[in-house]
Amino acid sequence: MHYHISPEIIINGTLYTLLAFSVATWTVILFKIWEFTNNSYRNRRFNAAFWDASDLAQAESVPDDTAIGPQARIAHQGFAWLNESQHAGGKHLKYIGSPAELLEHSLLVQMQKEQHLMESGLTLLASIGSTSPFVGLFGTVLGIMHAMHEITASGSTSLDVVAGPIGDALVATAIGIAVAVPAVLAYNFFLRRVKEHRAGLENFVTSFMHIASTAHKV
């Protein structure tokens, strides 16, 4: 049995798809704005408490309400490694080797985890930004084809008959572009913020390694 899918259903499906893309885009944008703002705030508070400490022991006991940002989690990983390595006494494979290199590796692994968290959602923005115009164009092509069939069926090619259906079909392309532009701009903006935050985390890792070596922990 042959089933015919109405062009209106396909066109409406295209528009609803673009609407879903738009909702997803703005959800990610709002969440990432909150995430980066919160991370910046937490990092500033942690830095103030961490570098005001008189020694590593005091730095390790930074208040819990401060030690919940990316830099705080990296420092926590570093302190955890230092404490575990001292009690392990080289009896485990992960503690065999240069202490400084092993500590740096542990800090870098945690830094990569933080970077992955910051990059979450960016792939979705890039995908929406690159595909939305084509989804809109797909809806436009189908809309124009449907309009042509309607015009042929009516037997009239006057401007009044042609302009309405063709104009409605072109709306899909406009919506696709309108969805893509915020996604692309947001992707570029947040990608730059990720690079800036990564640079800050790299500086913190270097500083942590310095104070750990100065305190003869590694």
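The values are calculated or read from the model by the stated rules, or taken from the named source; none is laboratory data. Worth saying up front: this structure is predicted, and the values here are computed from it rather than measured. As a convention, Cβ positions derive from the backbone with ideal geometry for all residues, glycine included, and neighbour counts pool all protein chains shown. Ligands, DNA and RNA are excluded from the accessible area calculation, which covers all protein heavy atoms including side chains. Shrake-Rupley method; radii C 1.70, N 1.55, O 1.52, S 1.80 Å.
At a glance:
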read-out: Some residue of the range 105-113 being of a type in the set (D, E, K, R), open to solvent by less than 50 Å² (accessible area, probe 1.4 Å), part of a helix (DSSP H, G or I) and closer than 22 Å to F190 by Cβ; value: no
read-out: All positions within the range 206-218 that are open to solvent by 60 Å² or more (accessible area, probe 1.4 Å) and touching a helix residue (DSSP H, G or I) at 6+ places or on another chain (Cβ under 8 Å); value: K217
read-out: Whichever residue in the range 150-205 is surrounded by fewer than 15 Cβ atoms within 10 Å (Cβ to Cβ) and among the acidic types (D, E) and, among such residues, is modelled with the lowest pLDDT; value: D160
read-out: Residue among A24, A49 that is within 15 Å of the chain's Cα centre (by Cα) and open to solvent by less than 40 Å² (accessible area, probe 1.4 Å); value: A24
read-out: Scope the range 27-46; condition aliphatic (A, V, I, L, M) and surrounded by fewer than 12 Cβ atoms within 10 Å (Cβ to Cβ); matching residues; value: L30
